[in-house]
Amino acid sequence: MEIPTKVQNLALVVLCVVAVGASGLAYWSVNRPHPASQNPSAAAPVAPGDSTAGPTGTADPAATTSEGPSATATEAPDGGSASVSEWVDAWSGDADLLVVGDGFSHLPTQWVQLWADRVGRDRPVTIHHWGETADVSFNDPIELSDGAGEPLDVWSASRDGSTIHDAAERYQRFVDASTEPDAVLVSMGLDSGEEDVADGLDELVGQVDEDVPVLIAIGPDDLYDEGVADALLSWAEEYDDRVAVLDLRGEAPDSASAEEWAMAFARALDRS
């Protein structure tokens, strides 16, 4: 049966309308604004924990970075505050402890060796003093104790007259002449009255591998120039995510003897 001309014309009109409508919808879909352009913060998700990421997931130029020992040395291995007990744990097994010291600890009669003697009551301990004359290596080891237990080697990189800056300049020399330490003890301040303590500690601690615990030991009262002990404490508190601190002021008698210093240090460690 032949379709009437009028019906054919009507069908053509309907098809034209549908085609025009589809074209308009396609044009609108292609050219409409993307939701991200209306809400910039939704342009890209920020990775969990990335506190410096901006809207596009890149570093925010306004974010600040901390100054301190080094770019990689300002956080403790667990991401929290460093503690004295963690420092002790680091050398409780078969270990090497590096002591960076000055004229308060460079002799066998001074507090570091006297403290190591006490540690030697429970395990084998050997101490190596820095050869100050040649200034390139440690002297022959001194066996403080032997017997059962895991051995501890104490490398006393202490130099008479040394400032913190001096120790920082020699730190890698100390390590090269001994071994990579399991823990580091910094006992400085006797000759640092005229230097920038914070700057020196930045340089010194910044060279210690970030997974090696560091303890800053502040000696008994009346042994440093005015302001040095406070400067040591302030720096350690500012970077407590990297270093632990043991302040013996008040723990030991004023102007303590080497034996009194060693005993006070041992007592403070026992409480940690």
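I'd like the full set of residues that are more than 29 Å from the chain's Cα centre (by Cα), among the small types (Gly, Ala, Ser) and either open to solvent by less than 80 Å² (accessible area, probe 1.4 Å) or at pLDDT 95 or above (or both), limited to the range 132-174.
ALA134, SER145, GLY147, GLY149
When you look at TRP111, is it under 30 Å from GLY227 (Cβ atoms) and either aromatic (Phe, Trp, Tyr) or buried (at least 19 other Cβ atoms within 10 Å of the Cβ) (or both), yes or no?
yes
The values are calculated or read from the model by the stated rules, or taken from the named source; none is laboratory data. No experiment lies behind these values; they were computed from the predicted model shown. Cβ sites come from the backbone with ideal geometry, for glycine too, and all protein chains shown count toward neighbours. Areas reflect the complete protein model, heavy atoms only, side chains present, ligands, DNA and RNA absent. Shrake-Rupley method; radii C 1.70, N 1.55, O 1.52, S 1.80 Å.
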